[in-house]
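Participant: Before I ask anything, let me first share the structure, which is written out below as structure tokens.
The values are calculated or read from the model by the stated rules, or taken from the named source; none is laboratory data. Being a predicted model, the structure only gives us computed values, none of them experimental. A quick note on method: Cβ atoms are made from the backbone with ideal geometry, for glycine too, and the neighbour counts reach across all protein chains shown. Note: areas computed on protein heavy atoms with side chains; ligands, DNA, RNA excluded. Shrake-Rupley method; radii C 1.70, N 1.55, O 1.52, S 1.80 Å.
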Amino acid sequence: MAGTLMLVGQVSDAIFTPFIGYESDRTNGFCGYGKRKSWHLLGTICVVCSFCFLFMECITCADSADWAKFIYYAPFVVIFQFGWAATQISHLSLIPDLTSQEGERVELNSIRYAFTVISNILVYAIALLLLDLQTDDSEQRTHELTMKDAPKFRNLAMIIIGIGVLFSLVFHIGTKEKKQELTKFEEAESPLGSSDRRPNMAWNDWLKEPQFFLVHKII
């Protein structure tokens, strides 16, 4: 069942990622809020409302068959993948909107990646503490995970969500998004004239680009 749920998550991510990327460029935000921060806020809400349930025992189907548990967990997986895609895409898309300087964009990307690495290390450190400190002395310490460890992962998920909500508030309060509504006049006066712009590429045109396969190997 776990493998099937992961497959559902990957398929959902493959569907939501291009959809959110397309829509985030064409919406002006919600209720006057910036378009990037609006999608980030929506994604944050989806993640907060779904992530913890993935690490909790099924509320009404703890002793039910696997297909019943699958029906219970699958919607949370889909909601989480939608929220995760919305936060990641909108956060990355905000960087070019904040500055037009290439050096500053590289610096912001580097800072973002550094905090991503720090966050990953922090999650592992908290998990180590929870698995070590919440083990009774009477229990034999082993490296195997059992159902008795489920509450520890639930607590880990709650701690991660709490830290994430805190930093999301800092992001939404401290980051000012520029309102960019490109008019037809501004588009005509753009430094990239119609003669300098590259034509829109179809999906199969990417398969003819060597850089597309190079990036795939790097990832």
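Participant: Being under 11 Å from residue 123 (Cα atoms) and open to solvent by 40 Å² or more (accessible area, probe 1.4 Å) is the filter here; which residues of region 154-171 pass it?
Facilitator: Passing the criteria: 159, 160, 163.
Participant: Considering each of 59, 89, 79 in turn, give the residue that is among the hydrophobic types (A, V, I, L, M, F, W, C) and farther than 17 Å from residue 9 by Cβ. Talk me through it step by step, then tell me what you get.
Facilitator: Numbers: 89 fails: farther than 17 Å from residue 9 by Cβ; 79 fails: farther than 17 Å from residue 9 by Cβ.
After applying the criteria, what remains is 59.
Participant: If you take the residues in region 66-77 that are of a type in the set (A, V, I, L, M, F, W, C) and open to solvent by 50 Å² or more (accessible area, probe 1.4 Å), which one is modelled with the lowest pLDDT?
Facilitator: Going through region 66-77, the residues of a type in the set (A, V, I, L, M, F, W, C) turn out to be 67-68, 70-71, 74, 76-77.
From what's left, open to solvent by 50 Å² or more (accessible area, probe 1.4 Å): 67, 70-71.
Working: 67: 79, 70: 83, 71: 86.
The qualifying residue modelled with the lowest pLDDT is 67.
Participant: Given the conditions (1) closer than 30 Å to residue 33 by Cα; (2) at pLDDT 80 or above, and given that residue 154 satisfies all but one, which numbered condition is not satisfied?
Facilitator: With respect to (1) closer than 30 Å to residue 33 by Cα; (2) at pLDDT 80 or above, residue 154 is out only on (1).
Participant: So, one more: Of the conditions (1) within 19 Å of the chain's Cα centre (by Cα); (2) over 22 Å from residue 161 (Cβ atoms), residue 75 fails just one. Which one is it?
Facilitator: Going through (1) within 19 Å of the chain's Cα centre (by Cα); (2) over 22 Å from residue 161 (Cβ atoms) one by one, residue 75 breaks only (2).
Participant: Out of curiosity, is residue 128 open to solvent by less than 50 Å² (accessible area, probe 1.4 Å) and at pLDDT 85 or above? Quick ask: steps written out before the conclusion?
Facilitator: Numbers: open to solvent by less than 50 Å² (accessible area, probe 1.4 Å): no; at pLDDT 85 or above: yes.
Answer is no for this residue.
Conditions tested, residue by residue: (1) part of a helix (DSSP H, G or I); (2) open to solvent by less than 50 Å² (accessible area, probe 1.4 Å); (3) over 21 Å from residue 157 (Cα atoms).
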site: 21; (1), (2), (3): yes, yes, yes
site: 39; (1), (2), (3): yes, yes, yes
site: 63; (1), (2), (3): no, no, yes
site: 104; (1), (2), (3): yes, no, yes
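Participant: For region 131-149: of the residues being in a helix (DSSP H, G or I) and modelled with pLDDT under 80, which is surrounded by the most Cβ atoms within 10 Å (Cβ to Cβ)?
Facilitator: Here is the first cut: in region 131-149, the residues in a helix (DSSP H, G or I) are 131-133, 147-149.
From what's left, modelled with pLDDT under 80: 132-133, 147-149.
Values: 132: 10, 133: 8, 147: 7, 148: 11, 149: 14.
Only one residue fits best here, namely 149.
Participant: Looking at region 1-19, which of the residues that are open to solvent by less than 40 Å² (accessible area, probe 1.4 Å) and not β-branched (Val, Ile, Thr) is nearest to residue 68 (Cα to Cα)? Outline the logic, then answer.
Facilitator: Keep residues of region 1-19 that are open to solvent by less than 40 Å² (accessible area, probe 1.4 Å), which gives 5, 8-9, 12.
Now drop any that are not not β-branched (Val, Ile, Thr), which leaves 5, 9, 12.
Values: 5: 13, 9: 17, 12: 20 Å.
Restricting to residues being open to solvent by less than 40 Å² (accessible area, probe 1.4 Å) and not β-branched (Val, Ile, Thr), the top hit is 5.
Participant: Test residue 80 against the criterion of being at pLDDT 90 or above, over 16 Å from residue 171 (Cα atoms), assigned to a helix (DSSP H, G or I) and in contact with a Leu (Cβ under 8 Å, 6 or more places away or on another chain), and give yes or no.
Facilitator: Values: at pLDDT 90 or above: yes; over 16 Å from residue 171 (Cα atoms): yes; assigned to a helix (DSSP H, G or I): yes; in contact with a Leu (Cβ under 8 Å, 6 or more places away or on another chain): yes.
Yes; evaluated as a whole, the condition is true for this residue.
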